Amino acid sequence: MSEKQAGIVSDGSSGGSIPREPGNDSSVDIALTYVKNVGVGGGHVDEKRLVRKIDWRIVPIMFACYIMQFIDKVLINYAAVMGLPKDLKLKGNQFTWAATSFFIAYLVAEIPTGKAPLPCILSLTLSLYYRKQDVESVAPYCYILQKMPAGKYLGVNVILWGIATACTAAADDFTSLVVARVFLGIFEAAIAPCLTIITGMWYTTSEQPPRFALWYCGLGIGQIIGGLVSYGFQQVKGESLEGWRVMFIVLGAVTVITGSVTYLFLPDTPMTASFLTEEEKVVAINRVGNNQTGIENRTFKWSQIKELALDPQIYLLALVTILCSVSSGVISTYSSTLIRNFGYTPPIAALLNTPSGAVSLIATILSGIAVGKASNRWLWIAGLAIPGALGGGLMSFLPKSNRAGLLAGIYLVNSIVAVLIIIYNWLSANIAGHTKRTVSMSLVAGAFSIGNIIGPQTFQARDAPNFYPAKIAVLATQAGAALVAIVLRFYYGWQNSKREKRSAVPQNLPEDSKWLNLTDKENPNFRYVY
């Protein structure tokens, strides 16, 4: 009998083996220890009422955070038609590089931990000179994603990126604009890993897709609000401050308020949720046990990092993320510029951006509901790529005189933004083991950054005003994203069929195996969803 079958594993540092029992093994999920220690049951708790109670506390806060992160990220898109390039005397491709700098900073902050930006880079370097078991003592920042409470850390980062947004108003040249965008990217890097972890710890696998979709709808709402806000601030004719500067200050202040609310009212885990009774906490914990992905475990396991590095699914998920993010990078940074180049005035260009938000909302809501009911993630990714590719074709090949068709192309491309939330949900459902899952979230979020770095760079000054290479890139990457989604579907089906064959052999797993921080590869009872 193997050690995994007997419920015994290596502690990951000394090479020894220890039993998986609460209180003896740091590999055990904190939720299991809590349930055993609290000593109460949840037999009298109405589960449907409990879920509604959780929904009303958790989802609105995540939704508000995602609205503000999208608005703050794309304000530069609206500011582009409000006079920012002229006021800062930007030349050549400087605006493109200013937009790209956000995603470079986002990537640097995301890859090491998803939350710990600059300190973690130093820590990783130092760790090369120490034994693996000593890394945690010399490189604590490398473990922030796993060890920090997600709710509190998210709240702090929202406050900090709100300050960075407001400080963008002080930019007076290319360098200062890039500095503001870099800090914005560093702090916004927390959003996707935090919200993914939080959603996964509160909801069952079937409940997660619509909740992911609900907070991700903040993107579509952000697009609509952004267009309206840009139009409004273009009516500001102050002598001391341009309209785009006032816009950054006001929205930065709104973000700081949102971050403060998040810090105070978003619980870190079900175990620390003050709005639940002890009985409700136990039920909330037991509900998500069958996900077999756990809730919280603060032991960083290098064995799970090694497994992740050899796992084909992470590379396929990262690839499909990059491909779909190229288009989102193009649209989020240059949609206002493209619309203005169709012959519209800057205020009208801002207003004509708002239907993009409606397309994003419809695609997100429909895919979230459908995936929650039928678990057909691969099909929706491939399906959403079709209108995205069609939009890229309209943008690329229609004459400039066909403004209606060109606008339709821009709007259709926005269907692809819903793919990202399906990928996050896919990752949350299919990767188990707390270290493996948190690092994989950071890697996929980093892949999102890579796509968004590539996207704006397809816009070169020499290609103005039609920017045909960028439009063709949208068309090609959507087709590629659909193909990779189909490959993922067959990969997961193949993995499940192998597990079904092995399940004929009795597995002597401990009773609480779902809380033992097993990875999806280690747990023979784990099945992938697709």
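The values are calculated or read from the model by the stated rules, or taken from the named source; none is laboratory data. Since this is a predicted model, take the numbers as computed values, not measurements. Cβ sites come from the backbone with ideal geometry, for glycine too, and all protein chains shown count toward neighbours.
A single member of V256, V261, V246 is more than 30 Å from D55 (Cα to Cα), at pLDDT 85 or above and surrounded by fewer than 21 Cβ atoms within 10 Å (Cβ to Cβ), and it is V246. With the condition kept exactly as written, say whether any residue in region 340-359 is closer than 26 Å to R489 by Cα, surrounded by fewer than 24 Cβ atoms within 10 Å (Cβ to Cβ) and of a type outside the set (V, I, T). Within region 340-359, none of the residues are closer than 26 Å to R489 by Cα, surrounded by fewer than 24 Cβ atoms within 10 Å (Cβ to Cβ) and of a type outside the set (V, I, T). Looking only at region 500-530, which residues are more than 27 Å from F300 (Cα to Cα) and either surrounded by 15 or more Cβ atoms within 10 Å (Cβ to Cβ) or at pLDDT 80 or above (or both)? Hits for region 500-530 are E500, K501, Y530. For region 86-131, the set of residues classified as in a loop (DSSP other than H, G, I, E, B), over 27 Å from A150 (Cβ atoms) and at pLDDT 50 or above consists of L88, K89, L90, K91, G92, N93, listed by residue number. Within region 315-337, the set of residues being at pLDDT 90 or above and either at positive phi or surrounded by fewer than 21 Cβ atoms within 10 Å (Cβ to Cβ) (or both) comprises Y315, L316, L319. Condition check for V371 on (1) surrounded by fewer than 24 Cβ atoms within 10 Å (Cβ to Cβ); (2) under 20 Å from T199 (Cα atoms): one failure, at (1). Residues of region 57-78 include none that is modelled with pLDDT of 90 or more, aliphatic (A, V, I, L, M), touching an Asp or Glu at 6+ places or on another chain (Cβ under 8 Å) and surrounded by 18 or more Cβ atoms within 10 Å (Cβ to Cβ). Contact map, region 250-269: residues that are under 20 Å from T196 (Cα atoms) paired with residues that are outside any helix (DSSP H, G or I) and among the hydrophobic types (A, V, I, L, M, F, W, C), Cβ distance under 9 Å, separation 6+ or inter-chain. Pairs shown: F265/F275; P267/A273; P267/F275; P267/L276; D268/M148; T269/I295.
Taken together, the residues in region 316-373 that are in a loop (DSSP other than H, G, I, E, B) and among the β-branched types (V, I, T) amount to 1. Every test in (1) modelled with pLDDT under 70; (2) under 18 Å from Y203 (Cα atoms) is passed by T299 save one, and that test is (2). Taking (1) under 16 Å from A99 (Cβ atoms); (2) of a type in the set (A, V, I, L, M, F, W, C); (3) crowded, with 24+ Cβ neighbours inside 10 Å in turn, I197 satisfies each apart from (1). Tally time: how many residues in region 157-188 are touching an Asp or Glu at 6+ places or on another chain (Cβ under 6 Å) and more than 27 Å from L264 (Cβ to Cβ)? Count: 0. Looking only at region 394-402, decide whether some residue is buried (at least 22 other Cβ atoms within 10 Å of the Cβ), touching a residue at least 24 places away in the same chain (Cβ under 8 Å) and in a helix (DSSP H, G or I). Looking for residues that are buried (at least 22 other Cβ atoms within 10 Å of the Cβ), touching a residue at least 24 places away in the same chain (Cβ under 8 Å) and in a helix (DSSP H, G or I), one finds at least one in region 394-402, hence yes.
Residues checked against (1) crowded, with 24+ Cβ neighbours inside 10 Å; (2) at pLDDT 85 or above:
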site	(1), (2)
I386	no, yes
G391	yes, no
G405	no, yes
A418	yes, yes
